[in-house]
Amino acid sequence: MVPLGAREVLNKIRWGGREKLGDAKITIIHRGAPENKREIKGSEIVELGPGFMKVNSPEGEVYIPYHRIVKIEVYGMVRYEKKLDAGQRTSQRS
């Protein structure tokens, strides 16, 4: 069985019935943030597009590509976690 990608997991949460997208916590790569990560609440998601999700943020509406999603959690359970290659990093070196 092929694992689901971030977009498929978000759509499954949105349309699956038991869980609500608003209860999800999405961790993304966000350069310049602490550890180069940022958490987004599912309630901030405006649209799940074909290659991005549109999110309400303090900067206004922003488009975040799915390849930046590192983890998706709902009710504390991990529903998606990106496997990073040895050469990829999400945190800055000290």
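The values are calculated or read from the model by the stated rules, or taken from the named source; none is laboratory data. Since this is a predicted model, take the numbers as computed values, not measurements. Glycine also receives a Cβ, built like all others from the backbone with ideal geometry; neighbour counts cover every protein chain displayed. Note: accessible area is taken over every heavy atom of the protein model, side chains too, but ligands, DNA and RNA are not part of it. Shrake-Rupley method; radii C 1.70, N 1.55, O 1.52, S 1.80 Å.
Here are the numbers for this structure:
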| quantity | calculated |
| --- | --- |
| Subset tally (residues that are open to solvent by 70 Å² or more (accessible area, probe 1.4 Å) and assigned to a helix (DSSP H, G or I)) for region 24-42 | 2 |
| Of the criteria (1) within 14 Å of residue 73 (Cβ to Cβ); (2) in contact (Cβ under 8 Å) with a residue 40 or more places away in the chain, which one residue 39 fails | (2) |
| Search result, residues across region 54-78 that are in contact with a helix residue (DSSP H, G or I) (Cβ under 7 Å, 6 or more places away or on another chain) and either touching a residue at least 40 places away in the same chain (Cβ under 8 Å) or in a loop (DSSP other than H, G, I, E, B) (or both) | 66, 69, 72, 74, 75 |
| Residue satisfying condition, being farther than 20 Å from residue 83 by Cα and crowded, with 16+ Cβ neighbours inside 10 Å, within set 45, 72 | 45 |
